[in-house]
Amino acid sequence: MSDPTPAPRSLPDRPSLEHLRKQAKDRLDELRRGEPSTALSTAQLDLARSYGFPSWRALKAHVDEVTRDRHQPFVDAMDRGDLSALRAMLDAEPALAQTQLQEHHRTALHLAAWKGRA
């Protein structure tokens, strides 16, 4: 007899909350084909569980933590005004300039302007 519960999907090494939100909306479209009144929260819960999390909130908290850890060196270099480190990081990953930094809810450009760093 096989286990009716499928194994959880694996999150990528660099999960994106924006991508997960799109996946939840796609899942909502699928669910609404069978039940038009399905709420987004149902699709979010279904997606979170497919990744092995008990709730959307737990999935989001995990992604926020991973993202914060990944961007911390970039934020630290900005705080120090270390242009050579920033250039190296942006050369390696240009999308950092446009990424919304979770701990500040702003992009790197916003933070640089806020700190008066052209």
Exercise for review: Could you go through the range 85-96 in sequence order and give the Karplus-derived ³J(HN,Hα) for each residue, using 6.51 cos²θ - 1.76 cosθ + 1.60 with θ = phi - 60°, rounded to whole Hz, and x for Gly and Pro?
Suggested key: 5, 4, 4, 4, 5, 6, 5, 6, 8, x, 5, 4
Practice item. With mean projected area of the Cα convex hull in nm² in mind, check (1) 9.6; (2) 10.3; (3) 8.9 and report the label derived from this structure. Key: (1)
Study note, to complete from the structure: Note, L28: beta-carbon cut-off 11 Å, +1 each Lys/Arg, -1 each Asp/Glu, net +1
Revision key, fill the gap. By accessible area (1.4 Å), largest first, E93, E65 order as E65, E93
Point to revise | For R9, solvent-accessible area (1.4 Å; no DNA, RNA or ligand), Å² | key: 110
Point to revise | With all protein chains modelled, accessible area of K25 [1.4 Å, Å²] | key: 120
Study note, to complete from the structure: Between G52 and residues 5 or more places away or on another chain, the pairs with built amide H atoms under 5 Å apart involve R9
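Nearest 500 deg cm²/dmol is fine: what mean residue ellipticity at 222 nm does the chain get from its DSSP H runs of n ≥ 4 alone, each adding -39,500 (n - 2.57), divided by its residue count? Don't skip to the end; give the middle numbers.
Details: 5 runs with 71 residues, N = 118.
Counting only the DSSP helices, I get -19500 deg cm²/dmol.
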Study note, to complete from the structure: If amide H atoms are modeled at 1.01 Å from N in the peptide plane, then the residues at a separation of 5 or more from R106, or on another chain, having amide H under 5 Å from its own are L101
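The values are calculated or read from the model by the stated rules, or taken from the named source; none is laboratory data. Just so you know, these numbers come straight off a predicted model, no measurement behind them. Reconstructed Cβ throughout: ideal geometry from the backbone, glycine too, with neighbour counts over all protein chains shown. Ligands, DNA and RNA are excluded from the accessible area calculation, which covers all protein heavy atoms including side chains. Shrake-Rupley method; radii C 1.70, N 1.55, O 1.52, S 1.80 Å.
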